[in-house]
Amino acid sequence: MRNGAALTEGAVISRLRWRCTRRAMLEMDLLLGRFLEEEFPALSLEEQKIFMELADREDAQLWPWVSGKEECADIRLFPVIQRLRRYGEKRGARADPASVSPSPARQP
Amino acid sequence: MNIPVFKFDAVIVGAGGSGLRSAIQLSEAGLKTAVLSKVFPTRSHTVAAQGGVAASLGNSDADHWHWHMYDTVKGSDWLGDQDAIEYMCRKAVEAVVDLEHYGMPFDRTENGKIYQRPFGGHMSNFGEKPVRRSCAAADRTGHAMLHAMYQRNVKANTQFFVEWMALDLIRDSEGVVVGVTALEMETGQVVIFHSRAVIFATGGSGRIFASSTNAFINTGDGLGMAARAGIPLEDMEFWQFHPTGVAGAGVLITEGVRGEGGVLRNSDHERFMERYAPNAKDLASRDVVSRAMTTEIKEGRGCGPNKDYVLLDITHLEPATIMKRLPGIREISMQFAGVDPIKEPIPVVPTCHYQMGGIPTNYAGHVVAPDASGRQAIIPGFYAAGECACASVHGANRLGTNSLLDLLVFGKSAGDSAVADVKAEAAHRDLPANAADYSLARLNAINTQKDGVSVFEARQAIARTMQDHAGVFRFADLLKKGVTQILEVEKQVRRLEIKDKSQIWNTARVEALETENLIEVAKASMISAEARKESRGAHVRDDAPDTPEFPNGRNDKEWLKHTLWYREGNRIAYKPVQMTPLTVDTIALKTRSY
Ligand SMILES: Cc1cc2nc3c(=O)[nH]c(=O)nc-3n(C[C@H](O)[C@H](O)[C@H](O)COP(=O)(O)OP(=O)(O)OC[C@H]3O[C@@H](n4cnc5c(N)ncnc54)[C@H](O)[C@@H]3O)c2cc1C
């Protein structure tokens, strides 16, 4: 059922949003959720597919990659991981410690 | 409307540590068992636990379950039930050994035994000196635990319903729990799970606070469902705060940072902990540091444009030390605070971390609530375990690493109780007529609301109200205002509106449903906190200060009792703390000091 065939475009994004913002670690909810809103639309189709694949990986694997603790050896995934990491640091630079974000920002 | 009915012997809501542990008992006993989860099981929030699981194995230092029990009672500020605490501490060794048999890759000593490390509040010989009691698998304890138990469940034929959200509990006319309604996210279909046992293992609810270390999934669904079904919530005023969450993001900065020499500073650049705890300074216990931070902010010495955080400073440490000793901290600061901690201090605030209260259970995992005569009675067919449950072993304050232990021990006992009860009953009880109507009406209200309130607004309102009125340090006037305000917010939640009306993968709808659970938890917490007029453990009131008559502000004569909050009428009741352990003597009341 997880690979349902008749998913519309909107549903694909909704499902992706869920998988980006209901993760095991808060760090990854914040990072992937914000990336999805702000950068995902501008990715190439190929990169979007890789991002979706990454979103299905587990945080225990993904977090060390995007936090630079471990190097991802898969050259196919590497560029998107780099992008996530750079995005995180760039987004961090805009972080506003005074504004609390209790939930994934805007609703569809 | 024709609602499909799926029939199981047992349904478990939640696939974190507690749900998976229960499921092993049920499936291995041959029962047809369903596990529902909002996410794939090994993505449950248990993954975030790194510190380890407590058990008095005695591998690294001499240890005994009785010492562990003493520490837990003391940690709980004597609000924990001593029968449940004895049970948990005695079962800890077995719980860890079971996990090892499931394939959990614990760290080992040179001679092949499970390696153990120290953790705050765990002592030997009844509080004498720190003991190494925590068993871990590197910094992936929770992750490894879920993987080991998930595999075991797959082998035992547990049936998983992934990306399903349970909506409501179904009780028959006698109050017996006979199933749950649930929503399949992929199709938008509502289904009835008809079962002979329902176990809630839905985890914590930390997202009621604006600043929380909890992942977004922790919306207290189990508590919302229980409250709507007329079951009280216990001790919801007790929330553990971690002193150093990144301001604005909540992401946890480990205690290790202060251990390596990090210090907290206010807007005057003062190392203020020297005033509050002259000896331990920045390494004082979590609650002491959190309260000091809050006092600084409240007295106008916070930092930033709104003066609402303090700074965690490691700029005086060698960059090489930071990179070597505190890996990950630099990246967390850069990604979530936007500062490079080698050059600039990190903005931090006391951040909600763990929920001590929850659905009231006994140590066998049965949900219990007062019956008509006031006696604590089992609610047939209903069990709960893990962070959503209140056994109560953590009382007013949880010790680190005791939570993973709670999942294992009470996950198992709830599973065992359910197996015994199911085997004793000949058949499923009938479903009440229109068992899904209540859930369908809730869905319909969300789908048809016009000119309503967005989920985003409602969640902000809940989180801000809780953060501003029932934070780590509490004030009578703020709590009173908080009660009024949270009831106002509730009115907004009744009018949630979503723009997306589609059936397939409608995450807006799911988030609206989550918000309806958050508000129940928020009300329970605010109202219970306002009502408890003493300080105890994590609940600290300005108007219940430390005096010779009431050390630490704790008043055992009036307040040595558990709170029960009922959704209907926001009624509060109390029940006694179980002071009698199973086999040993009562651990007598004492002032909690370290
Ligand atoms: C950052 C962090 C670090 C921690 N470190 C430690 C530590 O080192 N040691 C320790 O002992 N404790 C630690 N804790 C606490 C501990 O991790 C948690 O208390 C514990 O993991 C909770 O487990 P659980 O099984 O109760 O719930 P979870 O693991 O949160 O699982 C809840 C499950 O319920 C499901 N669910 C929820 N609602 C629904 C619904 N409506 N329908 C269907 N499914 C639903 C979810 O999908 C999930 O599968 C830590 C907590 C945090 C936040």
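The values are calculated or read from the model by the stated rules, or taken from the named source; none is laboratory data. Quantities reported herein were computed from a predicted structural model and do not represent experimental measurements. Don't worry about glycine lacking a Cβ; one is built from the backbone with ideal geometry, like all the others, and counts go over all protein chains shown. Just the protein is used for accessible areas: all its heavy atoms, side chains included, with ligands, DNA and RNA removed. Shrake-Rupley method; radii C 1.70, N 1.55, O 1.52, S 1.80 Å.
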Per the list (1) of a type outside the set (Asp, Glu); (2) crowded, with 20+ Cβ neighbours inside 10 Å; (3) within 14 Å of another protein chain (Cβ to nearest Cβ), residue check on residue A:80 breaks on (3)
Would you pick out the residues in the stretch B:69-117 that are part of a strand (DSSP E or B) and surrounded by fewer than 17 Cβ atoms within 10 Å (Cβ to Cβ)? B:108, B:117
Being over 28 Å from the mean Cα position of the chain (by Cα) and part of a helix (DSSP H, G or I) narrows B:408, B:440 down to just B:440
Checking residue B:198 against (1) under 20 Å from the mean Cα position of the chain (by Cα); (2) under 14 Å from residue B:39 (Cβ atoms); (3) more than 9 Å from chain A (Cβ to nearest Cβ); (4) more than 8 Å from the ligand (Cβ to nearest atom), only one condition comes out false. Which one? (2)
Sole residue being over 23 Å from residue B:435 (Cα atoms), out of contact with any strand residue (DSSP E or B) (no Cβ under 9 Å at 6 or more places or on another chain), at pLDDT 95 or above and among the basic types (Lys, Arg), chosen from B:21, B:43: B:21
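Condition check ((1) at pLDDT 95 or above; (2) touching an Asp or Glu at 6+ places or on another chain (Cβ under 6 Å); (3) open to solvent by 60 Å² or more (accessible area, probe 1.4 Å); (4) part of a loop (DSSP other than H, G, I, E, B)) across all residues:
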position	(1), (2), (3), (4)
B:516	yes, no, no, no
B:522	yes, no, no, no
B:546	no, no, yes, yes
B:565	yes, no, no, no
B:582	yes, yes, yes, yes
If you check residue B:506 against the conditions, is it under 20 Å from the mean Cα position of the chain (by Cα) and crowded, with 20+ Cβ neighbours inside 10 Å? no
Residues satisfying the stated conditions in the stretch B:45-68, i.e. within 25 Å of the chain's Cα centre (by Cα) and free of Cβ contacts under 8 Å to residues at least 60 places away in the same chain: B:65
Among the residues in the stretch B:213-228, are any more than 15 Å from the ligand (Cβ to nearest atom), at positive phi and touching a strand residue (DSSP E or B) at 6+ places or on another chain (Cβ under 9 Å)? no
Going through the stretch B:210-231 one residue at a time, which ones are farther than 21 Å from residue B:470 by Cβ and more than 7 Å from chain A (Cβ to nearest Cβ)? B:225, B:228, B:229, B:230, B:231
Determine whether residue A:47 is within 20 Å of residue A:77 (Cβ to Cβ) and either more than 11 Å from chain B (Cβ to nearest Cβ) or modelled with pLDDT of 95 or more (or both). yes
Could you grab me the full set of residues in the stretch B:46-66 that are more than 6 Å from the ligand (Cβ to nearest atom) and either open to solvent by 30 Å² or more (accessible area, probe 1.4 Å) or assigned to a loop (DSSP other than H, G, I, E, B) (or both)? B:55, B:56, B:57, B:58, B:59, B:60, B:61, B:62, B:63, B:64, B:65, B:66
Taking the conditions exactly as written (more than 8 Å from the ligand (Cβ to nearest atom) and within 20 Å of residue B:192 (Cβ to Cβ)), does residue B:13 satisfy them or not? no
Might you check whether a residue that is touching a Gly at 6+ places or on another chain (Cβ under 7 Å), over 27 Å from residue B:8 (Cα atoms) and more than 12 Å from the ligand (Cβ to nearest atom) occurs anywhere in the stretch B:396-410? yes
Taking the stretch A:26-62 on its own, how many of its residues are of a type in the set (Ser, Thr, Tyr) and either assigned to a helix (DSSP H, G or I) or touching a helix residue (DSSP H, G or I) at 6+ places or on another chain (Cβ under 6 Å) (or both)? 0
Can residue B:32 be described as in contact with an Asp or Glu (Cβ under 8 Å, 6 or more places away or on another chain) and away from the ligand (no atom under 16 Å from the Cβ)? yes
Could you check, for the stretch B:254-261, whether at least one of its residues is within 12 Å of the ligand (Cβ to nearest atom) and at pLDDT below 90? yes
